[in-house]
1. What are the ³J(HN,Hα) couplings of segment 200-210, residue after residue, when phi is run through the Karplus curve with 6.51, -1.76, 1.60 and θ = phi - 60°? Round to Hz, x for glycine and proline.
2. Residue by residue through segment 147-158, what is 3J(HN,Hα) from phi via Karplus (6.51 cos²θ - 1.76 cosθ + 1.60, θ = phi - 60°)? Round to whole Hz and write x for glycine and proline.
3. Amide H of I231 versus every other amide H placed in the peptide plane: which residues, excluding those fewer than 5 positions away on the same chain, fall under 5 Å?
4. Starting from the amide H of Y280, placed 1.01 Å from N in the peptide plane, find each other amide H under 5 Å away whose residue is 5 or more places distant or on another chain.
5. Just want the ordering: R247, R201, R144, from fewest to most Cβ atoms lying within 10 Å of their own Cβ.
6. What's the ranking of 370-377, 284-291, 148-155 by average number of surrounding C-beta atoms within 10 Å, highest first?
7. Residue by residue through segment 124-140, which ³J(HN,Hα) values in whole Hz follow from phi under the Karplus form 6.51 cos²θ - 1.76 cosθ + 1.60 (θ = phi - 60°), with glycine and proline marked x?
Amino acid sequence: MEKLCKHLNVVRSSRGMVDFDFRCDGERVRGLLATRALAAVIEALKDGRVTEGALLAFLKDGALETNLAPGAAIVDLATFAYKEYLPKRKKPHLKERSYKTEITQVDRLVKILGKMAIHEIRPLHAEKHKSALLALKRVNNTIRKDLFCLSRIVEYAVECGLLKKNPLMKVKNLPLTNRAAVWLKKADLARLLWFADRRTRMLILFLALTGARINEALEFKVTDIDWKRRIIRMPTEKRRGKSVSMRTKMRTLKIDSLGSRFIRLLMIMKAHSITGYFFYCHADGKPMNYNWAEDLIGAAVKKADLGHLIPKEVIESGGFDHVVPHDLRRTFTMHRVIVGISFHQLRSELGQIHAQSIQSYLDEAENHDPSESIFFERPRKSARSAQPTSAAVPAPSGLVSIVLEAAPTPSLLR
């Protein structure tokens, strides 16, 4: 603490700002002020051009209220993030892969804001970080995650007693890019399956034919199939309220409504003999890791070269320039709308709360013929052709043909 005049103590907290503690006539003001502004006033005070009372009034009106908690030490963002925040986020709070992602986000934040004292961070600095990432052509989703990470760090500093409040709670985030126009047609889906390995093909086709999110598909088990009632129960990940198990409230999809392609896929899929999961790790039979599944699909997308499906406006507005796994859910939605599925049935199948999320698909579907959908069924010519033997069910290697050509429902499942 540097004593600049009789009643004014100043500590330099960063390159451009200072914390001050000023006492005059029984009043005390603590706050944060730009170095140049305070230096000019102090110079005038020493020259006798202003009185201490005038300085007190100036500091009351013109200084920013400090966010540093009483008695707390000044610490910079980098030190707090690496020594306090990240160790707190380790297991069991976060899985190893998620923890590595958190470290990557902290590294980006520190690179831009690291030398700043954590109590100086304000919405303006969040905007600075946002602008820096936009200049590097980062997608909106990445920037959103970084800002959420910064807010979590500041919030933890509040919990530790370093700060009075979290000033980033009301920071306006970047909007998520509307990717409703990004969906795969029959040929695109068949091409993606062609470049994927066998296990990834099963997962890709399951996502496209059910509209499940990745975590929901990974949680799907053989006991979730009810052949007697001809339904499947899908674990539902996205719900309002507290975070609970996906199995507490499962949505129901009718097998016959999803068509013969889906029936053939169910016949091909093999569950783990003990755990019952379809998409599992060979080591213990537990569900495949989300990031692993995402990487497998990403590798197939890269080989398939489907960049032409991404509209220019999506890329320009900060969206991903490649197909992402969640686009398979959009593919399901569009193909269901094309064949004329009702609005309420589609909401039920998607487990989607907001009707606005579906409206854009309804508008686009008017430009397509029902035969373009993977759920389109050709009318059966005769009763005899409608009851093939079980030998007509394709082998696992025929997943691409399931997309390109639908077969009648096998008689053993009727």
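Every number here is computed from the coordinates shown, using simple stated rules; none is lab data. What you are looking at is a predicted structure, and each value in this text was computed from that prediction instead of being measured. In this analysis, Cβ positions are derived from the backbone assuming ideal geometry, glycine residues included, and neighbour counts consider all displayed protein chains.
1. Each residue of segment 200-210 in turn: 5, 4, 4, 5, 4, 5, 5, 5, 6, 8, 10 Hz.
2. 5, 5, 5, 4, 5, 5, 4, 5, 5, 5, 5, 5
3. HN-HN under 5 Å from I231: D226, I255.
4. Those qualifying (amide H under 5 Å, at least 5 residues apart or on another chain) are M288.
5. On the way: R247 12, R201 22, R144 16.
Ranked by crowding around the Cβ, least crowded first: R247, R144, R201.
6. By packing density, highest mean first, the sequence is 148-155, 370-377, 284-291.
7. Using θ = phi - 60°, the values come out as 4, 6, 5, 5, 5, 5, 4, 5, 5, 6, 5, 5, 8, 6, 6, 6, 4 Hz.
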